[in-house]
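Here is the structure we will look at, set down as structure tokens.
FYI, it's all coordinate maths here, none of it is from the lab. Just so it is clear, the model here is predicted, and its values are computed rather than measured. Please note: Cβ atoms are built from the backbone with ideal geometry, for glycine as well, and neighbour counts cover all protein chains shown.
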Amino acid sequence: MAQQIFSQLEIPHTLAAGPGPGNTDPRVLERFTNSGVADHMQADVLRGMIEAKLMLRQVFGTKNLYTFGVAGTGWSGLDTMMSAVQPGDTVVAFVNGTFSSIDGLTLRMKAATADELAANPLNPDAASVKIIDVPHGESITNSVIEAALGEHKPKWAFMAHWETGSGRINDVQAFSVACERYGAMGLVDAVSSLGVANFAIDDYPGVVAWASCPQKGICCLPLTYAPVSFSDKYIEVLQKSGARTFVHHPILEARHWGIVDGEDIEKGTYHRTHSGYAVAAFHEALRLTLEESVSARSSSYAFHERALRTAVESMGCTVTSNMTSLVVMNLPQSLEGREMELVQICRNRGFGIWPTLSEPVQIRIGILNQLSQVSITEIVTRFAEVMQEAGADIDLDQIQRGLDGYYTKHAA
Ligand SMILES: *Cc1c(COP(=O)(O)O)cnc(C)c1O
């Protein structure tokens with residue numbers, strides 16, 4: 001066969017204003033590209049991993065020894081977190097959008113018996129898993145959690161902290177309390193909340209494991225590490241049951257981060273070939289978060305989200321989300337049904353906003369690492385222009401004045 005070589009791949013710079021990935025911080029990219037080539041057992045790479053582990057415990061707000069990064073994306077961390085779930089284990093999973101729905105699928109795959117998996121390999125119906133569906137646009141609340149965990153008393157319970165698909169915050173406090181009350185071990189998808197919300201996982205003792213991602217609140221896209229944290233209880237259970245994975249085994253993966261036999265050791269031992277570039281980028285992202293502090297970043301998200309929310313509302317949109325990194329909205333009546341068209345126009349112009357991926361079709365605009373008046377103004381202006389071209393009755397000057405007024409009024 002004739003060989004075929006394509007021309008060099010150029011990827012343009014876009015304004016990533018969706019649910020994620022967010023804008024990788026320039027400081028992170030600088031560490032990524034300025035690191036030398038070094039193998040995965042080189043002293044500074046290993047030191048970087050130890051330091052990253054120690055910083056990650058602070059970002060998570062935890063004393064959990066088993067806190068580290070799983071190479072890859074959010075799903076890599078989630079897969080690691082769910083690796084303790086065995087075929088036949090009882091699970092209750094709360095689902096209120098695209099991502100928790102995939103988490104629910106993962107749990108059904110893990111908990112399915114061999115026969116159940118063979119009957120429907122890509123979408124198994126596992127009798128031991130109870131999926132509690134909450135409508136898109138609604139949060140998972142105390143009463144839903146109480147009722148389901150009280151009735152089923154499962155071994156494992158699962159919830160997304162922030163469901164990015166519908167832009168909703170779920171009640172992790174109620175989830176933790178109910179897990180303790182009914183003897184379930186809580187697993188939480190914190191992919192969208194870590195680095196954006198101000199919380200410390202040790203305040204939620206009913207939750208035994210947490211998994212997040214590099215590319216949202218942590219601002220570290222160049223394929224780095226999905227943060228995970230496991231309580232001693234989770235590790236004890238896993239030690240007894242084992243897990244059917246080598247690479248995503250929480251106890252084995254922890255070794256390279258210098259966590260062996262329930263203790264921090266001075267330097268890690270081989271688990272897989274970690275990239276010095278990725279370690280340096282992740283390390284810088286954690287430094288950045290701690291320098292600014294999780295609580296200051298969280299306030300900043302809330303402040304800038306309010307500016308964006310108010311601006312799109314003044315364009316006639318209805319916001320249905322309550323996350324602070326993302327606005328999920330319906331278009332004004334005159335533009336209803338044209339969500340995909342508007343999103344596509346924006347995306348063609350290098351302005352990366354998103355539709356919802358499950359029904360109903362809504363528009364999602366995110367502000368990950370876009371925490372400034374200039375950035376929010378650019379996002380609002382670019383969206384308003386497309387709305388106006390589509391025929392919405394919008395006064396661009398008035399929107400600009402509204403934003404200026406918001407920022408002037410709240411300037412320090
Ligand atoms: C983004 C997201 C994921 C998936 O993360 P990837 O980095 O794409 O693997 C999972 N869960 C939630 C809640 C998310 O927001």
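In plain terms, the chain from T269 to T245 could stretch by 6.8 nm, reckoned as 0.36 nm per residue minus the Cα-Cα distance.
Each of E138, E341 has some number of other Cβ atoms within 10 Å of its Cβ, and from fewest to most they run E341, E138.
With respect to the chain, whose longest principal axis is taken over its alpha-carbon atoms, helix 396-409 is tilted by about 60°. Taking θ as phi - 60° and the Karplus parameters 6.51, -1.76 and 1.60, the scalar couplings of region 163-170 work out to 8, 5, x, 10, x, 10, 8, 9 Hz in sequence order, x denoting glycine and proline. Remark: M41, M329 ranked as M41, M329, counting other beta-carbon atoms within 10 Å and listing the fewest first. Against the chain, whose longest principal axis comes from its Cα atoms, helix 43-60 is set at around 70 degrees.
The antiparallel fraction among DSSP beta bridges confined to the chain stands at about 50%.
Put the Cα centre of region 51-87 next to the Cα centre of region 343-412 and the gap is 34 Å. Distance from the Cα centroid of region 1-25 to that of region 150-178 is 35 Å (rounded to whole angstrom). Divide the volume of the convex hull around the Cα atoms of the chain by the residue count and you get 175 Å³ per residue. Measure nothing fancy, just the Cα-based angle from helix 294-314's long axis to the longest principal axis of the chain, in degrees from 0 to 90, nearest 10. The angle comes out at about 40 degrees.
By the rule of a C-alpha distance below 27 Å, with chain neighbours fewer than 8 residues away ignored, the lysines paired with K153 are K110, K130, K233, K240. Once C-alpha pairs closer than 8 Å and six or more residues apart are averaged by separation and normalised to the residue number of the chain, the relative contact order reads 23 percent. Taking Lys and Arg as +1 and Asp and Glu as -1, the other residues whose beta-carbon sits under 12 Å from that of M82 total -1. Among the chymotrypsin sites (Phe, Trp or Tyr not before Pro) within region 248-302, those in coil by DSSP and having at most 14 neighbouring Cβ atoms inside 10 Å are Y270.
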